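Working notes for the structure below.
Every number in this text was worked out from the coordinates using simple rules, so none of it is lab data. If you're wondering where the values come from, they're calculated on a predicted model, not measured in any experiment. So basically every Cβ, Gly included, is an ideal-geometry build from the backbone, and we count neighbours across all protein chains shown.
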Amino acid sequence: MSAATSASLTLDAIRACLEGAVPATIATCAPDGTPNVSLLSQVHYVDPDHVALSYQFFNKTRANILANPIAVLQVIDPPTAAQYRMELCYLRTETTGPLFESMKAKLAGIASHVGMQDVFRLLGADLYRVTAIEAVPGGAPLPAPVAQRSLLSATRRACEALRGCADLTELLDHSLCVLRRLFGVEHALILMPDEATGRLFTVAALGYDSSGVGSEVAPGEGVIGVAARERVPIRITHMTSDVAYSLTARDGAEDAGLTGGPAREIPFPGLERPHSQLAVPILAGRRLAGVLFVESRQEMRFTYDDEDALATLAAQLGALIQALPPAEDVAPVPAACPQAGGAPVVVRHYAADDSVFVDHDYLIKGVAGAILWKLVRDHTTLGRTDFTNRELRLAPDIPLPDFAENLEARLILLQRRLAERCGVLRIEKTGRGRFRLVVTKPLLLQETA
Amino acid sequence: MANGGQRDGQRGGWPERLGPEGGRPARAGLSEAILTFLERGVSLVVSSSDRANRPRVGRALAVQVPADGTWIGVCLDRTANAALLAAVAETGRFALAATEPSTHLSIQLIGEDATVTVADAEATALAARHVDAFAAELALIGYGDAFTRALMAHDPATLAVVRFCPSRLYDQTPGPKAGTAVPP
C-alpha cells in the first residue's frame, strides 16, 4: 500500500465508507503473529490523516493493538460496494472530550440501527494514524449515484448571502433561508447561549409547526447541548432510541419544580422521530455564540460533507456575529403614547425567574422577561413607547452578560415570542439600536415575588 | 439501505445458539453445528500476518468442507487478496471470522497450518452458491441484491483456496462474551 499523504487516494475521498452504514473489517495480530479478524461497527473520520475506532469491549483486537499498534481495515463504500484497505497505527485512546462525544452520539444511532442498543457502549475512542490506503483490486463496483447538489457551491453562495446582513436578525433569518434554499434543509434551529446559566435558547426556527422560539436546551443535553459543551459538531445518521439524545421527550418538569406555579417551559419544537440530526457550534472567536441545528426524517441525510459545509457556514456566521457593530449609538427619541382601548390585560411578573405571563399564559422568562417587564413598566408609568438598546444595556434591573449580541438575541427572542403568542404587545424596530413597544390594550401590571 | 430488522436469538453462548446437532460427523475438528453455520449465508472475513507481524485483511467467498477432510477450505479472489495470500504462504497463519448479519452471531477460527491451493471446480461452484445465500441473508436486513453481488464480485478463474485446520475457536458475537473460547 502507498502512503496516504502522497497517493492520489486520500482518506477524505473515501469518507462515505466511514458513515457506519456498512460494517468494516479489522485485522490485527498478536506479538507472536497470531492474526485476529473481526467486524467493526464504527470507523470515525477525524481528519485527513487520522481515524478513530470505537472501543466497546476489551477484546482480542484491543489486546493486540496495545501490544502491536499496526491494524488494517477493509471498508465498503455503501452506494457502490467498492472496497478499500487502510493501514493504521494506533496512537492513543480518548475517553472524554470532543472526539469521544461525537463518536458516542454517532454510535447511539448506529446501535439502534442494527438492533444493538443494549450492547454497544463506547468506552473509548481509539485514535489511529492512517499510513496507507488502497482500493481493493478487482471487483465490480456499482456506478456512483449522482449527487443531489454541490455542497461546495452551496457553501460559497450561502457565505456570500450572509455577508450583506446589517444586524443579528438579518443574519439569523438569512441563515435559515440559505439552509432551505441552497442545502435543501427542511428543519433547522439556531440557538444562542445565556452566558449566565450556559443554557441555549432558540432564536430562529425553520420548518416546525410551532417555532419553539424561546425553548431552551441545557448544556450537554441532546446533540445540541453536547455540541455546545464540547464545541464540536455532533451528528447522528440513524434514528437512535438512546434517550440521552432525545430532546422532544422533555416535559419541562424540572422547570416547573424549580419555581412553583404554572409551567414556564416553551416546548422544544424538534421532530418527534428524527432519523438524522446535526448540531454545529457557532464560534465567535473563542466564544460560543450559538448552535446551528438541522434534522431530517430521512436516514443518513447529513454526511461528513454536510457536516463540513455547515461547519463552514457556522464559522462564517460566527465571524459575522462577532463583527456586528453595537447597535446602540442613537439617543432615545420620545414618542407620543398611542391610545390603547378595551378591557385591560393582566401582565404578571415573577421576580424569582423574571418570567412574564399575559392573562395567565406563559410568555417569556430570564433576561428577555426582565426586558419586557421594564418596557411595560416604563410604558404604563411614564407613557413611553420608544426605547434604545443602550438604555437596556445600562438598566440595573436587566442582568445582561458582556457581549452586544446577547442583548440583540434577547430582543429578537422577545420580539418573536410576542409576535407568536401575544396579540396585545409587539416590538417594532424603528432604526439602528431603537425599537418601539406597540401596546393595543390597557395593561394591568402585577408583580409577584 | 439496511433497515435494522434483526432476527431474535443473538443472546446466549456458543455452541448452543446454533441449535440441535444433526447427523453429520465432526470434520476438521469442528462440530456439525459449526460447519453448518459456516455454510450458511454468512459474512466471511479473513486475516493473516507476515513474518514482520504485519496484519493482512480480506473478504472470502465461501467455506469448503470436504466430506472426509481434516481441513476446511476458504475461497478467496486472488486479485483482491494478493498480499494476504502471500502472508499465508509465508507464515501459515490464518483467521476466519464468520458472522450472520441478521443475528450478529459470529465465530472466529484460527489456524497456524494454512496453505494456499488452487480452487477446484467444486470450490468455484461453492463460491457462486455462497454469493446467492449471502445476498438472501443481507436482503433480510435491507441490502439490495445489486449491492451484495457487487461486493462479492469475483473472477471464477482466479480463485484460491486457503486450507487450514482450526486450532482455536472464539465467540465473536458482539457483547461481553466476545473473545471467549468456543469448544469445537
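Expressed as a rounded percentage, what relative contact order does chain B have, with Cα pairs under 8 Å and six or more residues apart? Don't skip to the end; give the middle numbers.
On the way: 389 pairs, mean separation 49.5, N = 184.
Here the relative contact order equals 27 percent.
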inquiry  = From the alpha carbon gyration tensor of the range A:59-135, can you work out the equivalent ellipsoid semi-axes (sqrt of 5 times each eigenvalue) and give them in Å, largest to smallest?
reply    = 21, 19, 12
request  = Using only atoms on other chains, find how many Cβ atoms lie within 10 Å of each Cβ of peptide A:155-165 and report the average.
outcome  = 0
ask   = Using a simple spin-label model with points 7 Å from Cα along the Cα→Cβ vector, what separation in nm is obtained for A:ARG287 and A:ALA135?
value = 4.9
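Based on the Kirkwood radius over alpha-carbon pairs, what value in µm²/s does the Stokes-Einstein equation return for the translational diffusion coefficient of the range A:345-448 at 20 °C and 1.002 mPa s?
Working: Rh = 13.6 Å.
Translational diffusion coefficient: 158 µm²/s.
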inquiry  = Give the average over all directions of the projected area of the C-alpha convex hull of the range B:32-171, one decimal, in nm².
reply    = 7.9
remark   = Hits in the range A:74-94: amide N under 18 Å from the 7 Å Cα→Cβ extension of A:ALA13, namely A:74-88
request  = Bin width 10 Å, alpha-carbon pairs only: give the P(r) of the range A:151-323 as whole percents, running from 0 to the bin holding the largest distance.
outcome  = 10, 41, 36, 11, 2, 0
request  = Show which lysines lie in cross-link reach of B:LYS177 when reach means a straight Cα distance below 26 angstrom and same-chain residues fewer than eight apart are skipped.
outcome  = A:LYS60, A:LYS104, A:LYS106
task = Relative to the longest principal axis of the C-alpha atoms of chain A, give the angle of the C-alpha long axis of helix A:304-323, reported between 0 and 90° and rounded to the nearest 10°.
result = 40
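Determine the shielding of peptide B:142-152 by partner chains: average, over its residues, the number of Cβ atoms on other chains within 10 angstrom of each Cβ. Present the calculation step by step, with values, prior to reporting the outcome.
Working: counts 0, 4, 2, 0, 2, 8, 1, 3, 12, 11, 3.
Going residue by residue through B:142-152 and averaging, the value is 4.
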task = For helix A:168-183, report the angle its Cα long axis makes with the longest principal axis of the Cα atoms of chain A; keep it between 0 and 90° and round to the nearest 10°.
result = 40
Number of partner chain Cβ atoms within 10 Å, mean per residue of B:174-182 = 5
ask   = Over chain A, what is the mean sequence separation of C-alpha contacts under 8 Å (at least six apart), divided by residue count, expressed as relative contact order in percent?
value = 12
request  = For chain B, return all DSSP H helices satisfying: extent of Cα atoms along own axis at least 15 Å; mean Kyte-Doolittle hydropathy at least 0.5.
outcome  = B:121-140
request  = Give the value in nm², to one decimal: projected area of the alpha carbon convex hull of the range A:2-135, averaged over all directions.
outcome  = 7.7
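Give the order of A:MET116, A:MET103 when sorted by the count of other beta carbons within 10 angstrom, beginning with the fewest. If you can, show how the numbers build up before the last one.
Numbers: A:MET116 20, A:MET103 25.
Fewest-to-most ranking of A:MET116, A:MET103: A:MET116, A:MET103.
According to the Cα gyration tensor, what semi-axes, each the square root of 5 times an eigenvalue, does the equivalent ellipsoid of the range A:124-212 have, listed from largest to smallest in whole Å? The partial results should precede the final answer.
On the way: eigenvalues 264, 93, 43 Å².
Each semi-axis is the square root of five times an eigenvalue, giving 36, 22, 15 Å.
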query = Rg (Å, one decimal) plus Dmax (Å, integer) for the alpha carbons of the range B:113-184?
reply = 15.8, 42
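Can you give the Kirkwood hydrodynamic radius of the protein assembly as shown from its Cα pairs, in Å with one decimal? All intermediate terms of the calculation are to be shown ahead of the outcome.
Values: mean 1/r = 0.0364 Å⁻¹.
The Cα-based Kirkwood calculation yields 27.5 Å.
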key: Helix A:366-382 axis, angle to chain A major axis (alpha carbon atoms, nearest 10°)   = 10
